[in-house]
1. Relative contact order, percent, of the chain when contacts are C-alpha pairs under 8 Å separated by at least 6 residues?
2. What is the helix-to-structure angle for 27-48, meaning the angle in degrees between its Cα long axis and the longest Cα principal axis of the chain, kept from 0 to 90 and rounded to the nearest 10?
3. Shape call for the range 1-49 from the C-alpha gyration tensor, a ≥ b ≥ c root eigenvalues: rounded (a/c under 1.5), prolate (a/b greater than b/c) or oblate?
4. I need the phi-derived Karplus couplings for the range 68-75: 6.51 cos²θ - 1.76 cosθ + 1.60, θ = phi - 60°, integer Hz, Gly and Pro marked x.
5. Mind checking which of 48, 77, 20 is farthest towards the positive end of the chain's charge dipole, using Cβ charges of +1 (Lys, Arg) and -1 (Asp, Glu) about the Cα centre?
Amino acid sequence: MAFKFCDSMIHDYRTHGYVVFRQIVPPSLLSDLRKATVTVQDQVRAKHGPQGQRMQPITAYDVDLKPFRDFESLPAI
């Protein structure tokens, strides 16, 4: 998986105000991160209601930190 910068990214940024960088995070890791995030989100909302946004302390929740650690260990861009 190799990221390549292209001129269309400059155009997208100037036109829309943001750029989507593709092929940086492996698809399997992205899927794992999404699943872990939804699980945590569900736990926080169950504990604090629909407006719950904080998950501190982390030890109060059943969180699989492996996807986040894998993300953290990706090589620098």
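FYI, it's all coordinate maths here, none of it is from the lab. All of these numbers come straight from a predicted model, not from anything done at the bench. For neighbour counting, all protein chains shown are included, and Cβ atoms are generated from backbone atoms with ideal geometry for every residue, glycine included.
1. 27
2. With rounding to tens, the tilt is 40 degrees.
3. It comes out oblate by the Cα gyration axes.
4. 6, 5, 5, 4, 5, 8, 4, x
5. 48
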